[in-house]
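What follows is a single structure, written as structure tokens, with notes after it.
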Amino acid sequence: MRLLKGFVIAVTGLFVVITLLSLLMPSKVMTVRSVTIHGTTQQVFQEIKDLRQWKRWHPVFMLDSNTISISNPSSGVNAFASWNTKGKENKLTITEVLATQVKASLYRRGENTSENILSVTALKDSNNVEAEWRVLTKLKWYPWEKFSGIFVDKITGPGYEAALNNLKVLIEGKP
């Protein structure tokens, strides 16, 4: 009985320490990827501001297995795309459109909503632009979620990078 009581106290103490440590960790994680594209700001922005164009360069939108429903109109504030992946509902909604920037919110059932910002910046003294994708993921206070935040960039970053590289190939391949 004494051994069991000591074990319970040790496990409880460990849980408390881990929870307190997790409270010191940030509750927001930013993932950033960018690519330099030989083209104009307008060419690149035309591709990112219209969700129908995403089928030309975004890996998820390009997959035949996904049936993606896109709103009409497919660009502008409140335009959205929705699809299912592995039984989970996904919905990407444009929340703001500026001159060279699109902000969108990605909702996945059972996960935290992430805020996406796609921006295009002309590079000085060249015919190139930089396309950047920033994603802000908000984490709940749960210790396991805070610790999983350490790996968010490694898990999601390659997908954003692949999308931007496809965008680069698409724009640079145009006459």
Margin query: Can you tell me which residue is farthest from ASP153 (Cα to Cα) among those in region 77-122 that are modelled with pLDDT under 95, open to solvent by less than 60 Å² (accessible area, probe 1.4 Å) and part of a loop (DSSP other than H, G, I, E, B)?
Written below: THR100
Item checked: Among residues of region 105-135, those that are of a type outside the set (S, T, N, Q) and over 12 Å from the mean Cα position of the chain (by Cα), counted -> 11
Next item on the list: Keeping to region 18-50, report how many residues are open to solvent by less than 80 Å² (accessible area, probe 1.4 Å), of a type in the set (A, V, I, L, M, F, W, C) and at pLDDT below 80.
Entry: 2
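Considering only residues of region 145-170 that are among the hydrophobic types (A, V, I, L, M, F, W, C) and more than 23 Å from LEU63 (Cβ to Cβ), which is most open to solvent (accessible area, probe 1.4 Å)?
Applying the filter and picking the extreme gives PHE151.
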Check: Got at least one residue in region 93-112 being basic (Lys, Arg) and either at positive phi or touching an Asp or Glu at 6+ places or on another chain (Cβ under 6 Å) (or both)?
Finding: yes
Notebook entry, point to check: Does region 57-76 hold any residues that are open to solvent by 30 Å² or more (accessible area, probe 1.4 Å), closer than 24 Å to VAL44 by Cβ and of a type in the set (S, T, N, Q), and which are they?
Noted result: ASN72, SER75
Next item on the list: For residues that are farther than 18 Å from LEU164 by Cβ and of a type in the set (Ser, Thr, Tyr), tally how many sit in region 79-125.
Entry: 7
Check: Since VAL35 meets every condition but one in (1) farther than 17 Å from ARG134 by Cα; (2) not in a helix (DSSP H, G or I), which condition does it not meet?
Finding: (1)
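The values are calculated or read from the model by the stated rules, or taken from the named source; none is laboratory data. Remember, predicted model here, so these are calculated numbers, not experimental data. Positions of Cβ are generated from backbone atoms using ideal geometry, with glycine treated the same way; all protein chains shown enter the neighbour counts. We work out accessible area using only protein heavy atoms, side chains counted, and drop any ligands, DNA or RNA first. Shrake-Rupley method; radii C 1.70, N 1.55, O 1.52, S 1.80 Å.
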